[in-house]
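Please read the structure below before turning to the comments.
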Amino acid sequence: MRRIDLKKVQTARLATIRDINRQIVLNYVREREPISRAEIARETALQRSTVSAIIDDLQTEGLVEEIGEGESTGGRPPTLLRLRTAGPIAIGVAVTPSVTTIATSDLAGRVLGQKHFPTEADPDHTFARVVECIEEFLKSKNGSIESIGVSLPGLVDPSTGTAIYVPYFKWRELPVARMISSATNLPVTLDNDANAVALAELWFGRPEVSDARDFILVLVGEGVGTGIVFDGQVYRGERGAAGEFGHMIIGTHAPVPCSCGNRDCWEAFSSERAALARYRTSLRGPESAEVEFKQLVDRALGGEPQAKAALENTALCLGIGISNLVVGFSPEVVVVGGEIARAWPLVESALRETIEHSVRRGLPSARIVASTLGDNPTLMGALSLVLASKFAAAAAA
Ligand SMILES: [Zn+2]
């Protein structure tokens, strides 16, 4: 799904002109709302009659609505348009190693309803509960929900909707999309969590990320994943397997084993689990045994020295991997998502330190920013699998 660059729309000539023009108009409404037909015609250099016909179609499809009149610039005051966000249009299912979240959202990505439960290693149990939650949403809402996006913490083939390998639960070749769509009669789009979050940053992130054509999203959770965006499009590689940098080797004797079992992977040094292991080692007391990562972040933000040190040391390791990615890809921006982003003031300098090290050797640098998606980027990722397809250029690539 290619994100349309409104600054160079003339490049969008590959699909049919009609589809492309429709996407351009819908994206103008999305990004510049409230906007009038005349303004869209002026900015896109499309014929006024073409814009009006497209807006008629978009209104019929329930994607755009009129919201009254704007200021007159002499003649009749223009009618202003915006995205129609009256009801739920998407369901997102974000499976993480600990929790599965199911939510509905409107066309602009605002979450309207949300349910969650602890993820179970038995996929039949987990996806039966997912289906139950989806059916509750479908029953309680009007019938505008058209499809479901699902993100998983592992290797996923989006073209077949299959989970190739999810290391936490040892799920292999699991037909997740089929399991959900056969029970709900709705189409299901499946993707890896980091790819989905990258897609969400591209479409629904703040401009410091979404305006970049090339960026790398680093998702830190129980594991570490990356989503790579080239030229406004998530790069997936063969069978969707690109971005498995969590398993690049950055050292030996990591504080925890990686989800793949090795102790030399980036993830084993830089994940939430790694930070917690460092924290427990530094405390050595029984009070550290049951701490969750969220509490570790709270304690660090509250000024507790051991918690701060555990996060800073984890950020240094995270920075080593990011530095390798920056040297290799030279992206405009690196985005760090996950709970650790909440501790940005504490981890930012440790992250920058390693990257600046590379710059001093004359190698490429990049801006490094916290995720701009709010407190549940993984859920936004799952929702974006549905929402972005409404706005993306029709298979231009
Ligand atoms: Zn690994």
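The values are calculated or read from the model by the stated rules, or taken from the named source; none is laboratory data. What you see is a predicted model; the values in this text were computed from it and never measured. In this analysis, Cβ positions are derived from the backbone assuming ideal geometry, glycine residues included, and neighbour counts consider all displayed protein chains. Calculation scope for accessible area: heavy atoms of the full protein, side chains included, ligands and nucleic acids excluded. Shrake-Rupley method; radii C 1.70, N 1.55, O 1.52, S 1.80 Å.
Figures for the structure shown
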{"item": "Residues being within 11 Å of the ligand (Cβ to nearest atom) and of a type in the set (A, V, I, L, M, F, W, C) - total across region 257-281", "result": "6"}
{"item": "Residue match in region 230-237 (condition: closer than 20 Å to Asn324 by Cβ, of a type outside the set (Ser, Thr, Tyr) and within 16 Å of the ligand (Cβ to nearest atom))", "result": "no"}
{"item": "Matching strands (runs of 3 or more DSSP E) fully within region 191-251 where at least 2 residues are touching a residue at least 12 places away in the same chain (Cβ under 8 Å) and either out of contact with any helix residue (DSSP H, G or I) (no Cβ under 9 Å at 6 or more places or on another chain) or β-branched (Val, Ile, Thr) (or both)", "result": "215-220, 224-230"}
{"item": "Selected residue (criterion: least open to solvent (accessible area, probe 1.4 Å)) from residues of region 290-338 that are over 17 Å from Leu217 (Cβ atoms) and touching a residue at least 60 places away in the same chain (Cβ under 8 Å)", "result": "Cys317"}
{"item": "Filtered residue count, region 122-179, keeping only those that are touching a strand residue (DSSP E or B) at 6+ places or on another chain (Cβ under 7 Å), part of a loop (DSSP other than H, G, I, E, B) and closer than 21 Å to Arg239 by Cβ", "result": "5"}
{"item": "Selection from region 199-231 of residues that are buried (at least 24 other Cβ atoms within 10 Å of the Cβ), among the aliphatic types (A, V, I, L, M) and in contact with a Phe, Trp or Tyr (Cβ under 7 Å, 6 or more places away or on another chain)", "result": "Val209, Ile216, Val224, Val229"}
{"item": "Of residues in region 85-121 being part of a loop (DSSP other than H, G, I, E, B) and hydroxyl-bearing (Ser, Thr, Tyr), the one modelled with the lowest pLDDT", "result": "Thr85"}
{"item": "Residue under evaluation Gly75, criteria (1) open to solvent by 30 Å² or more (accessible area, probe 1.4 Å); (2) in contact (Cβ under 8 Å) with a residue 12 or more places away in the chain, criterion not met", "result": "(2)"}
{"item": "Test: residue in region 374-381 that is in a helix (DSSP H, G or I), of a type in the set (Val, Ile, Thr), within 30 Å of Gly109 (Cα to Cα) and open to solvent by 10 Å² or more (accessible area, probe 1.4 Å)", "result": "yes"}
